[in-house]
1. Considering each of L87, L53 in turn, give the residue that is assigned to a helix (DSSP H, G or I) and buried (at least 17 other Cβ atoms within 10 Å of the Cβ).
2. Given (1) over 18 Å from A12 (Cα atoms); (2) crowded, with 16+ Cβ neighbours inside 10 Å, identify the lone condition not met by S63.
3. Check every one of the helices (runs of 4 or more DSSP H) wholly within segment 1-43 and list those with 3 or more residues that are over 15 Å from L80 (Cα atoms) and within 13 Å of the chain's Cα centre (by Cα).
4. Count, please, the residues in segment 61-93 that happen to be among the charged types (D, E, K, R), more than 13 Å from the chain's Cα centre (by Cα) and more than 20 Å from I103 (Cβ to Cβ).
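Just so you know, all these numbers are worked out from the coordinates, no wet-lab data involved. Keep in mind the model is a prediction, meaning the values are calculated, not measured. Note that we place each Cβ from the backbone using ideal geometry, even for glycine, and neighbour counts take in every protein chain shown.
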Amino acid sequence: MDSNTAIAALAALAQSTRLETFRLLVRHEPDGIPAGELARLLDVPQNTMSAHLATLSRAGLVSSERQSRSIIYRADLQGLRDLTLFLLKDCCGGSAELCAPLIAELTPCCAPEVKLS
């Protein structure tokens, strides 16, 4: 990810409705949420929600898929991963041990399940 792409993603999230929309989509992964349902859940007019979703989509943070008459929106987790890695790339001047608490804080929610044989 380059600086311009990161700036676009951060700018897209720098608005309360878009930030709440993105966070709601992340919570509903991998199923996604129809656009109309997003508008209802966040009490936003549908045309306003469409504009917000377009901004998030251009920033690489959401994807959409038509299913019958609905458009299902999902958080683009790869876009989130790329943005997070861009922000943390030079974490603590290359001293990984200084970033360990941040990474550990993320791990309980995001750690893959371990399957025992």
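1. Step by step, each of L87, L53 is checked, and only L53 is assigned to a helix (DSSP H, G or I) and buried (at least 17 other Cβ atoms within 10 Å of the Cβ).
2. Among (1) over 18 Å from A12 (Cα atoms); (2) crowded, with 16+ Cβ neighbours inside 10 Å, the lone unmet condition for S63 is (1).
3. Hits in segment 1-43: none.
4. Filtering segment 61-93 for residues among the charged types (D, E, K, R) gives 65-66, 69, 74, 76, 81-82, 89-90.
Right, trim to more than 13 Å from the chain's Cα centre (by Cα) and you get 65-66, 69, 89-90.
With more than 20 Å from I103 (Cβ to Cβ) added as a condition, the list becomes 65-66, 69.
Residues in segment 61-93 being among the charged types (D, E, K, R), more than 13 Å from the chain's Cα centre (by Cα) and more than 20 Å from I103 (Cβ to Cβ): 3 in total.
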